[in-house]
1. For an R0 of 41 angstrom, estimate the FRET efficiency from the Cβ-Cβ distance between residue 45 and residue 183 and round to the nearest 0.05.
2. Can you pull out the trypsin sites (Lys or Arg not before Pro) in the range 17-80 that DSSP calls coil and that have at most 15 other Cβ atoms within 10 Å?
3. Report which label in (1) 16.8, 51; (2) 16.1, 51; (3) 16.2, 49 holds the value of Rg and Dmax of the Cα atoms in Å derived from the coordinates of this structure.
4. Please give me the summed charge of the neighbours of residue 7: other residues whose Cβ is under 10 Å from its Cβ, Lys and Arg +1, Asp and Glu -1.
5. Take the chain, mark every one of the GluC sites (Glu not before Pro) that falls in a DSSP loop and has at most 16 other Cβ within 10 Å, then report the longest stretch left between them, sites excluded.
6. Given H placed on each backbone N at 1.01 Å, which residues far from residue 114 in sequence or on other chains put an amide H within less than 5 Å of it?
7. Using amide H atoms built in the peptide plane, which far-off residues or other-chain residues are under 5 Å from residue 143 H to H?
8. Residue 77 to residue 159: extension gain in nm, 0.36 nm per residue of separation minus the Cα-Cα distance?
Amino acid sequence: MIVMELIPIFPKENPRLFAVKYDGESADEYHRIFDLWSDVEYLERFFQDNPEDLSKGYYRYQSVDAAVEKTINDAESLEDYLLYLAARSFRDPFSLQTLFQPLNSHETHLVSMQKSKAKYKKSPWLRLYAVRIASDLFVITGGAIKLTKLMEEREHTQQELCKLDLVKNFLFDQGLLDKDDFEYLKT
């Protein structure tokens, strides 16, 4: 069995967002992803390694430099919005689910243990992936720059699908199936 830890992200008291810290990693997925999305060298390499997806793919961006700048700005906006929604979830328990939608766009019902994606309209190619525990409780499993229509089209997004399954199975094995089960993690 793969070892992982659930790290409370925000807010510190009564967290609404958790992130997985995989065994052997120095950071949880939330911080790892946002660190990558602000790393100019990483982003340049990513876009240079995916020139077809950048210029002819889903979003048709021509310049690596422009894509890097857009990603950094969009990541900052996405993180700010995510933290705003997490703080607001005390008053509105449905605020986080305005950002986290079912991964499968054909799913119309929101249910516990559902694979989800955070897709912010101001940053269309950035994705956070999470398992929905409740309307106001999510476990972030990873994230990606998604330049293609389908996740199955690229290895880095296929890995995110695998991580979603891995974490969902881990949560089942640990008996962390609903909001009440997460209460002991908050202390």
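Any read-out appearing in this document is the output of simple, stated calculations on the displayed coordinates, not a laboratory observation. The model shown is predicted, which means the values in this text are computed figures rather than measured ones. Quick reminder, even Gly has a Cβ in these numbers, built from the backbone with ideal geometry, and neighbours come from all protein chains shown.
1. Numbers: r = 42 Å, r/R0 = 1.02.
Using R0 = 41 Å, I get an efficiency of 0.50.
2. 60
3. Read-out taken from this structure: (3).
4. That works out to -2.
5. 26-106
6. Under 5 Å from the amide H of residue 114: 132.
7. Placed amide hydrogens put 129 under 5 Å from residue 143.
8. Numbers: separation 82, 0.36 × 82 = 29.52 nm, distance 2.48 nm.
Going from the current span to full extension adds 27.0 nm.
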